[in-house]
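The values are calculated or read from the model by the stated rules, or taken from the named source; none is laboratory data. Since this is a predicted model, take the numbers as computed values, not measurements. As a convention, Cβ positions derive from the backbone with ideal geometry for all residues, glycine included, and neighbour counts pool all protein chains shown. Note: accessible area is taken over every heavy atom of the protein model, side chains too, but ligands, DNA and RNA are not part of it. Shrake-Rupley method; radii C 1.70, N 1.55, O 1.52, S 1.80 Å.
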Amino acid sequence: MDSTTAHALQLTGVYQHVNGQQALVDVDLSLAPGEWLLITGPNGAGKSLLVRLILGLDRPSAGTIRVLGQHLDRLDGGALRAHRHEVGAVLQGGSLLASASVIENLLLPLRATPMSRAAMARAARLVMTLLKLDGLENHPPRALSLGQRRQVELARALIHQPRLLVWDGFSDGLDTAAIGETLDVLGNLRENRALTLIATDNRPEILAGVEHRIAVLNRGRMLFDGTPEALQAAAQTHLELRAALWGTL
């Protein structure tokens, strides 16, 4: 496997400054296709900032970011739009258009593609059925529960069948049952299409029961990257790591 396809994600020496302060410090991270990574840590650790860099919404102050074999700083215009079609995103705070219906929100990522109206309609029906959203097509976002809105955001992120899904605030608005159902859907996509997942959450146990790696950020520094089992062992002796996870020494 050559260097352009060996990694779904590769960050090398990434720094980010915000208002003159270091917000991310020398972050190295790599992820193979089909791997799942949970990035956890306390509020203000830099999780959402890292997500924005991975999505190409911001550029790092230093370092390199390669996503699906592409150097993000070398992409612009049409190349960047084509790349973003390979990446689905669910962001914190919600990103649905309040003035648009569910179906109109779902179709937004497809509007700039050469897909026919019929093909777009089929794609929308498939993803709505997959996430049990049938019957909500004409509802505005305000008529939905928070959990339903998050599922619509996920449907929109998956409608163009991305190779990478980035989800900031994975458990926000989802109860235990919805989290389990969502993991089942994503697990099938992982098995059938090698979907790579990068999720952030304040709860390090949120992906319990599925194979994944876990990375711990604190004050912009990567304290740990490995298996959940190794994390539990490391936290026994690493005081800063334990504090970042559970708020206690």
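Looking at ALA98, ALA62, which is the one that is touching a residue at least 12 places away in the same chain (Cβ under 8 Å), touching a strand residue (DSSP E or B) at 6+ places or on another chain (Cβ under 6 Å), more than 25 Å from ALA208 (Cα to Cα) and of a type in the set (Gly, Ala, Ser)? Break it down stepwise before answering.
Working: ALA98 fails: touching a strand residue (DSSP E or B) at 6+ places or on another chain (Cβ under 6 Å).
Result: ALA62 is the single residue among ALA98, ALA62 that is touching a residue at least 12 places away in the same chain (Cβ under 8 Å), touching a strand residue (DSSP E or B) at 6+ places or on another chain (Cβ under 6 Å), more than 25 Å from ALA208 (Cα to Cα) and of a type in the set (Gly, Ala, Ser).
Scan the stretch 4-20 for residues that are part of a strand (DSSP E or B) and either closer than 18 Å to PHE224 by Cβ or under 21 Å from the mean Cα position of the chain (by Cα) (or both) and jot them down.
Step one: of the stretch 4-20, the residues part of a strand (DSSP E or B) are 9-18.
Residues satisfying the conditions are LEU9, GLN10, LEU11, THR12, GLY13, VAL14, TYR15, GLN16.
For the stretch 75-89, state whether one or more residues are basic (Lys, Arg) and more than 19 Å from PRO109 (Cα to Cα). Even if it seems obvious, please write down each step before you answer.
Our first condition is that a residue be basic (Lys, Arg); within the stretch 75-89, this holds for 81, 84.
If we keep only those that are more than 19 Å from PRO109 (Cα to Cα) as well, we get none.
There is no residue in the stretch 75-89 that is basic (Lys, Arg) and more than 19 Å from PRO109 (Cα to Cα).
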### Summary
Expected output for the stretch 227-249 (first residue part of a helix (DSSP H, G or I) and open to solvent by less than 90 Å² (accessible area, probe 1.4 Å), partner among the β-branched types (Val, Ile, Thr) and at pLDDT below 95, Cβ below 7 Å, 6+ apart or cross-chain) is ARG242/THR248
#### Entry: Residue within the stretch 172-180 that is of a type outside the set (Phe, Trp, Tyr), modelled with pLDDT of 95 or more, touching a Leu at 6+ places or on another chain (Cβ under 8 Å) and surrounded by fewer than 21 Cβ atoms within 10 Å (Cβ to Cβ) present
no
### Query
Which members of the stretch 158-193 meet the condition of being more than 13 Å from the chain's Cα centre (by Cα) and either among the β-branched types (Val, Ile, Thr) or under 23 Å from THR113 (Cα atoms) (or both)?
ILE159, HIS160, GLN161, THR176, ILE179, THR182, VAL185, LEU189, ARG193
### Message
Quick check on the stretch 134-146. Is at least one of its residues among the hydrophobic types (A, V, I, L, M, F, W, C), under 23 Å from GLY34 (Cβ atoms) and surrounded by 13 or more Cβ atoms within 10 Å (Cβ to Cβ)?
### Response
no
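Please pick out the residue among GLY46, GLY69 that is in contact with a strand residue (DSSP E or B) (Cβ under 6 Å, 6 or more places away or on another chain), farther than 16 Å from ALA157 by Cα and of a type in the set (Gly, Ala, Ser).
Values: GLY69 fails: in contact with a strand residue (DSSP E or B) (Cβ under 6 Å, 6 or more places away or on another chain).
Only one candidate passes the filter, namely GLY46.
For the stretch 30-44, give me each residue that is open to solvent by 40 Å² or more (accessible area, probe 1.4 Å) and at positive phi.
Restricting attention to the stretch 30-44, the residues satisfying the condition of being open to solvent by 40 Å² or more (accessible area, probe 1.4 Å) are 30, 33, 35, 42-44.
Within the stretch 30-44, GLY44 is the sole residue that qualifies.
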### Task
State all residues of the stretch 119-132 that are outside any helix (DSSP H, G or I) and either at pLDDT below 90 or open to solvent by 100 Å² or more (accessible area, probe 1.4 Å) (or both); if no residue qualifies, say none.
LYS132
### Task
Mind counting the residues in the stretch 29-74 that are over 25 Å from PRO204 (Cα atoms) and of a type in the set (Ser, Thr, Tyr)?
2
### Message
Taking the criterion of being crowded, with 16+ Cβ neighbours inside 10 Å, outside any strand (DSSP E or B), over 12 Å from the mean Cα position of the chain (by Cα) and not acidic (Asp, Glu), would at least one residue in the stretch 21-28 satisfy it?
### Response
no
### Summary
Pairs returned, first residue in the stretch 133-152 that is under 14 Å from GLY173 (Cβ atoms), second residue that is of a type in the set (Ser, Thr, Tyr) and crowded, with 19+ Cβ neighbours inside 10 Å, beta-carbon separation under 9 angstrom, 6 or more apart or interchain, are ARG150/THR182; GLN151/THR182
### Query
When the stretch 14-43 is examined, which residues are found to be out of contact with any strand residue (DSSP E or B) (no Cβ under 8 Å at 6 or more places or on another chain) and free of Cβ contacts under 8 Å to residues at least 24 places away in the same chain?
ASN19, GLY20, GLN21
